[in-house]
Amino acid sequence: MSNPTQSAPGKESFTEILIRSHPETALIHDIAGQLRGHVPIRSLDELKKTLNGSPLTLGEDQLPLEVVEAHLPDEIFPVTDEYDLATKLTAVIRTVLMQMGTPGSPATPADPVWRRFLAAKGQGSGPATRTGVFEGPSILGSEPLTGVREEVLTTWVVTLELRDCLSEVLLPYAWIFDGVNTYQFDANGQFIAVIFGRYENYALGIAREGYLYRTIVLTQSTMAGTTQPICLNPAP
């Protein structure tokens, strides 16, 4: 019997496909891979000493030690082996993702590390609402802010709720894109757009089979933090 986690030369394994297809799984796998060589980990202080010499990274960005400390309760220690690490780290990251955006959350969405977490949030734990992180300029049209320093920018969020313009029935699984990134509305016809704060206006296209294509423009000054009802007209 073949091993489903292995692949033929030049092809992705089943495990690699799963990790690539699910941002939350990829996030857990990335961090676990960096920590597995340090188990057993007997206490938070021991982990902090380890990370001082070998920091956790996500891509090219370093995960700040204070962020690690803020999200690791004493109850998870000791971490005795790889199996214990997998179980406890999964629980911690899923909790972090569910808490992001709530009052008191230490997340700073403009930071590259937290944008990685935001990208995983909509396709992991909690509500099934899809989340799209839009960092670059929209090919469909975007207008940058002026006169604001990069270091004081904050990521802004708009929740979109899509309906049929005539019947007002919710429209699940429609496509939304800016010419570079493509996502889908969830089963409830909702989508959370997470836009890096250098943009005042950001254009997105919405398409669904049986409906007319539509372009919408999200405006930071009037829409940030709100839920915006939008609709598509049925195709003739």
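The values are calculated or read from the model by the stated rules, or taken from the named source; none is laboratory data. From a predicted model like this one, the values you see are computed outputs, not experimental measurements. For neighbour counting, all protein chains shown are included, and Cβ atoms are generated from backbone atoms with ideal geometry for every residue, glycine included.
Quick look at the numbers
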quantity	calculated
Matching option when the condition is over 21 Å from T95 (Cβ atoms), in a helix (DSSP H, G or I) and not small (G, A, S), among D30, D45	D45
F177 being aromatic (F, W, Y), modelled with pLDDT under 85 and assigned by TED's automatic domain parsing to the domain that holds G136	no
Identity of the residue in the stretch 164-208, over 18 Å from Q220 (Cα atoms) and of a type in the set (D, E), that ends up surrounded by the fewest Cβ atoms within 10 Å (Cβ to Cβ)	E168
Every residue from the stretch 185-201 that is within 21 Å of R163 (Cβ to Cβ) and either modelled with pLDDT of 90 or more or among the charged types (D, E, K, R) (or both)	D186
Conditions (1) modelled with pLDDT of 90 or more; (2) exposed (fewer than 14 other Cβ atoms within 10 Å of the Cβ); (3) of a type outside the set (F, W, Y); (4) over 24 Å from the mean Cα position of the chain (by Cα); number of the one not met by G33	(4)
Selection within the stretch 227-236 - closer than 16 Å to E161 by Cβ and either free of Cβ contacts under 8 Å to residues at least 24 places away in the same chain or surrounded by 13 or more Cβ atoms within 10 Å (Cβ to Cβ) (or both)	Q228, I230, C231, L232
Residue, nearest to E143 (Cα to Cα), within the stretch 178-211, restricted to residues that are acidic (D, E) and assigned to a loop (DSSP other than H, G, I, E, B)	D178
Filter result (touching an Asp or Glu at 6+ places or on another chain (Cβ under 9 Å) and free of Cβ contacts under 8 Å to residues at least 60 places away in the same chain) within the stretch 186-226	G189, R198, E200, Y211, T219, S221
Cβ-Cβ under 6 Å pairs, at least 6 apart or on other chains, the stretch 135-146 side closer than 12 Å to N201 by Cα, far side of a type in the set (A, V, I, L, M, F, W, C) and surrounded by 15 or more Cβ atoms within 10 Å (Cβ to Cβ)	S138/A203; L140/A203; G141/A203
Filtered residue count, the stretch 202-217, keeping only those that are farther than 15 Å from G179 by Cα and in contact with a Leu (Cβ under 7 Å, 6 or more places away or on another chain)	3
Pairs where the first residue, in the stretch 23-52, is in contact (Cβ under 8 Å) with a residue 40 or more places away in the chain and the second is acidic (D, E) and in a helix (DSSP H, G or I), C-beta under 7 Å, 6+ apart	R36/E82; V39/E82
